[in-house]
Amino acid sequence: MEAFRQEIIVGAVVAYMIFCVLTGLWAMRRTHSSSDFFIAGRGLGPIVVALALFSSTLSGFGFVGGPGLVYSIGVSSFWMVVISSTGYAIGFFLVAKRIRMIAELRDCISLPDIVAARYNSQAVRFMIAITIVLGVMGYLATQILAMAVVMQAILSGTETFANIGLVTCVVISSAVLIFYCVTGGIIASVYTDVVQGAIMMIAGTLILFTAMSVFDGGMQEATSIILADDAETAMPYGAAGMMASLGWFFVFGLGLAGQPHLITKMMMNKNLSDSRSILPMSLFGYVMAALLWISIGIVMRAAVIDGVVDPLALPDDAASVFLSVFANPLLAGVVFAGLFAAIMSTSDAFLNIGTAAIIHDIPKAIRGKSIENELFWARVVTVILAIVAASFALYSHFADATLVAILGAFGWGTFAASIFPVVAVGLNWKGATVAGAVTAIGTALLINFVSQLAGYTFPYGVSGQLVAFATSMVLFIGVSLFTEKPKLDSDIERVMEI
Amino acid sequence: MRSKLIYIIFAVGVLMAAILLAICLAETVPDAGGSAHPEIAGLQVGGDGAARLEHIGTLGFAFQCLLLIQITFLSLLGISERYRTNELLAYMGGSLVFMLIVAWQMYSGHLEYLETGETGYFLGFPSATAWATYGTWLGAIPLILIYSLGFRKYIYTAEDEEKFNVLLAEKSERSEQ
């Protein structure tokens, strides 16, 4: 079997991609309107929503950047993962019920629709839509790049495609993604997410057992090796230190409820009461899949320190090297398919919300009405958005070899700081005002972009994302408290009392 | 507390921002955010843990505790005011205490290791790290139980469902006219 390792891996990935294409064709027949395209007509069952929710959370960042970060900085990166239970809990407490009610009451098909209904303001709708487009560009580019890098690693191991270029891999992987997103919209996305989620859970569990068997003493031996080399890396705050870790705790914990691609899925369940079962199911799936993030990173760092494996050219190679060195070919095939699943499940969600922002929300904010024939334009813009993001990914890759992980985290941080206060707090507090919302979004964007683009670093590993998020939270509530209490539409006011 | 929750959330947010500012202004130590591994390219090391915590350890732990407190208050904000009963507050309080205990075990375990250089292991990780990993993961389980098991009592009761159905019926009437 070992002799056919590359063929098995390529076969698993190709089978997975064929499945995505077929799902797109199947979903196309069920997509008749922009509501079907963007929110699946609010007709999904709890298992579908739960799997779609968690598989969209754990992106290529989790499968490529995550293990790379653990390899590079040790336990610091754990904080992005272990906070998931808190993040999901807050997301459901603050968002799930009210977003679903407003969506049904006002026939909303996007997050900016919800915000516009809540604040009765096209300005807030516009700012949220712009935030989504900006965040989507960074995040989607990251996902496409991750997909292409992994595909190149897989195909270059075969004789036929030994010299395949990154651009070709971007084209192939983007083509599959675009096909099923354009044909089947969100319906194709969520049903591929179901399979993608299942693959990711299986992959995460199997990888944990493989990782535990690399050293005779299991995971404890691996962490002991790391501890002996540099104790801080194996201690709770890792190599990056206390404030970097707590920053991720804050941004990834509270920030989950500000991720538009996730909370939009909370609008899609058929019955509002399903939220009670969606929450634990999503969390369980996430935890199973995230085992891969932690276990690969720890074992690869220990293996390199111990001399079992040569130092990696890039931290992001941790997962692929682990699979080629330690995993059975069949398992490697499942995990590589799982990796593509993770990347695609997040990418399709981003394509969906980005497209909604461009063809539905921005025109509505400017002209007061949506464009004609939304479904047609949704498909056109999905293609254009994916092509622009792919070009951005290639440019970033060749002009600036920044870690995939950092780009991914930047996208998350931008959404968290801009959207969490306005949506998660705003949906539960009648006193939130338009001025508060505009100030919070503007400040979050400004601090995030300036600190990222200027490369400014705060002392003790405090991140720009953390500063942006903490500031936007305080300003959102503070400005709202000091501005005139808004007059809400009667139906929205009654929803907020439920 | 029940009706003035947003003021408490605001106060906690301001305190957290103040702590963040104090940390940024604190005396810095070299490589507080980690440095390159001396021998292996691509790896970072933390170096002297005691030095890294010397000026900000207590502030950082206070920030962590306030964050956990904020998480609990925010979760409470998601529950309608009329359902914030003493029973619910007791559950939420219990959940917060559990999370604070986990945070303390992690922080004090880390300090203890820095002093003694010795640590036990639990399920593959040094004790303090095991608290961080498993404890943090499990720390929110009480919140999830409150949400899932208390859904019909605190989140979306039969009365709420009825009110929402009335709203939907009014919407249908409007669209028919």
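Side notes on the structure shown:
- Count of the range A:215-245 residues, restricted to those that are over 30 Å from residue A:459 (Cβ atoms) and of a type in the set (A, V, I, L, M), is 3.
- Against the criterion of being within 10 Å of another protein chain (Cβ to nearest Cβ) and closer than 23 Å to residue A:200 by Cα, residue A:275 qualifies.
- Scanning the range A:1-36 for residues that are closer than 19 Å to residue A:177 by Cα, open to solvent by 90 Å² or more (accessible area, probe 1.4 Å) and in a loop (DSSP other than H, G, I, E, B) turns up A:29, A:30.
- Selected residue (only one of A:64, A:75 is under 18 Å from the mean Cα position of the chain (by Cα) and buried (at least 24 other Cβ atoms within 10 Å of the Cβ)): A:64
- All of A:320, A:275, A:324, A:347 fail the test of being in contact with a Pro (Cβ under 9 Å, 6 or more places away or on another chain) and of a type in the set (S, T, N, Q), apart from A:275.
- Exactly one residue out of A:164, A:144 is open to solvent by less than 10 Å² (accessible area, probe 1.4 Å) and either over 30 Å from residue A:104 (Cα atoms) or free of Cβ contacts under 8 Å to residues at least 40 places away in the same chain (or both): that is A:144.
- Failed criterion for residue A:123 (all others in (1) outside any helix (DSSP H, G or I); (2) open to solvent by 50 Å² or more (accessible area, probe 1.4 Å); (3) of a type outside the set (S, T, N, Q) hold): (1)
- So residue B:32, is it open to solvent by less than 30 Å² (accessible area, probe 1.4 Å), more than 30 Å from residue B:155 (Cβ to Cβ) and assigned to a loop (DSSP other than H, G, I, E, B): yes
- Selected residue [in a helix (DSSP H, G or I) and open to solvent by 10 Å² or more (accessible area, probe 1.4 Å)] from A:114, A:128, A:172: A:172
- Qualifying residues in the range B:132-163 (those that are open to solvent by 40 Å² or more (accessible area, probe 1.4 Å) and facing chain A (nearest Cβ under 7 Å)) - the one farthest from the chain's Cα centre (by Cα): B:163
- Yes/no for residue A:152 being more than 21 Å from the chain's Cα centre (by Cα) and free of Cβ contacts under 8 Å to residues at least 40 places away in the same chain: yes
- Selection count where residues are in contact with a His (Cβ under 7 Å, 6 or more places away or on another chain) and surrounded by fewer than 24 Cβ atoms within 10 Å (Cβ to Cβ), scope the range A:37-58: 0
- Among the residues making up the range B:50-64, none is more than 10 Å from chain A (Cβ to nearest Cβ) and either buried (at least 17 other Cβ atoms within 10 Å of the Cβ) or touching a Pro at 6+ places or on another chain (Cβ under 6 Å) (or both).
- Listed by first and then second residue, the pairs with beta-carbon distance under 6 Å, at least 6 apart or on different chains, first residue in the range A:477-498 and more than 12 Å from chain B (Cβ to nearest Cβ), second open to solvent by 20 Å² or more (accessible area, probe 1.4 Å) and of a type outside the set (D, E, K, R), are A:483/A:435.
- Only one of the listed residues (A:290, A:342, A:302) is within 23 Å of residue A:15 (Cα to Cα) and either charged (D, E, K, R) or surrounded by 24 or more Cβ atoms within 10 Å (Cβ to Cβ) (or both). That residue is A:342.
- Only listed residue being of a type in the set (A, V, I, L, M), under 23 Å from the mean Cα position of the chain (by Cα) and within 13 Å of chain B (Cβ to nearest Cβ), chosen from A:318, A:313, A:341, A:349: A:318
- Of all the residues in the range A:49-69, those that are assigned to a helix (DSSP H, G or I) and in contact with a Phe, Trp or Tyr (Cβ under 7 Å, 6 or more places away or on another chain) number 5.
- The listed residue being touching a Lys or Arg at 6+ places or on another chain (Cβ under 7 Å), more than 30 Å from residue B:132 (Cα to Cα), in contact (Cβ under 8 Å) with a residue 60 or more places away in the chain and more than 14 Å from chain B (Cβ to nearest Cβ), out of A:44, A:105, A:111, A:25: A:44
- Contact map, the range B:14-35: first residue more than 7 Å from chain A (Cβ to nearest Cβ), second residue open to solvent by 40 Å² or more (accessible area, probe 1.4 Å) and at pLDDT 95 or above, Cβ cut-off under 6 Å, separation 6 or more or different chains; pairs are B:19/B:59; B:22/B:59.
- Pairs where the first residue, in the range A:356-379, is farther than 14 Å from residue A:112 by Cβ and the second is open to solvent by less than 100 Å² (accessible area, probe 1.4 Å) and part of a loop (DSSP other than H, G, I, E, B), C-beta under 7 Å, 6+ apart: A:375/A:33; A:377/A:371
- Flag if residue A:224 is among the hydroxyl-bearing types (Ser, Thr, Tyr), assigned to a helix (DSSP H, G or I), surrounded by fewer than 24 Cβ atoms within 10 Å (Cβ to Cβ) and within 12 Å of chain B (Cβ to nearest Cβ): yes
- Residue tally, condition facing chain B (nearest Cβ under 8 Å) and out of contact with any strand residue (DSSP E or B) (no Cβ under 7 Å at 6 or more places or on another chain), over the range A:57-75: 3
- Taking the criterion of being more than 10 Å from every other protein chain (Cβ to nearest Cβ) and not in a helix (DSSP H, G or I), the residues of the range A:414-470 that qualify are A:433, A:454, A:455, A:456.
- Residue match in the range A:78-86 (condition: in contact with a Lys or Arg (Cβ under 9 Å, 6 or more places away or on another chain) and of a type outside the set (A, V, I, L, M, F, W, C)): no
- Residue check: residue B:41 meets all listed conditions (1) surrounded by fewer than 16 Cβ atoms within 10 Å (Cβ to Cβ); (2) modelled with pLDDT under 95; (3) over 18 Å from residue A:242 (Cα atoms); (4) within 24 Å of the chain's Cα centre (by Cα) but one, namely (4).
- Selection within the range A:230-251 - open to solvent by 10 Å² or more (accessible area, probe 1.4 Å) and more than 7 Å from every other protein chain (Cβ to nearest Cβ): A:248
- Within the range A:129-140, residues that are without any contact (Cβ under 8 Å) to a residue 40 or more places away in the chain have Cβ atoms under 8 Å from residues that are assigned to a helix (DSSP H, G or I) in no pair, counting only partners at least 6 apart in sequence or on another chain.
The values are calculated or read from the model by the stated rules, or taken from the named source; none is laboratory data. This structure is a prediction, so every number in the text was calculated from the model and none was measured. Cβ: placed from backbone, ideal geometry, glycine included. Neighbour counts: every protein chain shown. Please note that ligands, DNA and RNA were not included when accessible areas were found on the heavy atoms of the full protein model with its side chains. Shrake-Rupley method; radii C 1.70, N 1.55, O 1.52, S 1.80 Å.
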